[in-house]
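Okay, structure first, notes after.
The values are calculated or read from the model by the stated rules, or taken from the named source; none is laboratory data. All figures in this text were calculated on a predicted structure; none of them were measured in a lab. Ideal geometry is used to build each Cβ from the backbone, glycine not excepted, and the neighbour counts take in all protein chains shown.
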Amino acid sequence: MTNDMITEDYISFETAKLLKEKGFDEKCRTYYKVFPKSKIAAIYHSSENRGVSEDDPNEILCPTIHMAMKWLREVHHLFIQIEYECEDCFVSDIYMTNGENISIILRHLSIVKLMSRHAKLLSSIA
């Protein structure tokens, strides 16, 4: 299989590590393989969906952005909404619900820092 996927459809390595810490174990076809000696992480594709590898702790699942957002919504009750505002500007809102009320917990206005802010919020989830 060739490696000419559109990488923008998949979460970053840093976000994948955070999702793993928070218990993400949905079946994916894509995963990062970490090579500790060289400190390199490469992205791989499997022909079938797979979960977390118990045999290789250096493999980290790499879901699509949509799959990660769905998991955050279903497991942690976080809703992420990203809207196009102008040529280089997006508005990102993150909402949290307890089943009855929805409250906004973060609003951000920049595509450059958008994903890192979401990653920081994810790292603060219990």
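Brief remarks on what is shown
Yes or no, residue by residue, for (1) at pLDDT below 70; (2) part of a loop (DSSP other than H, G, I, E, B); (3) over 24 Å from Tyr31 (Cα atoms):
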site: Glu83; (1), (2), (3): no, no, yes
site: Val91; (1), (2), (3): no, no, yes
site: Glu100; (1), (2), (3): yes, yes, yes
site: Leu114; (1), (2), (3): yes, no, no
site: Leu121; (1), (2), (3): yes, no, no
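- Check on Tyr31, surrounded by 12 or more Cβ atoms within 10 Å (Cβ to Cβ) and either modelled with pLDDT under 90 or over 13 Å from Ile60 (Cβ atoms) (or both): no
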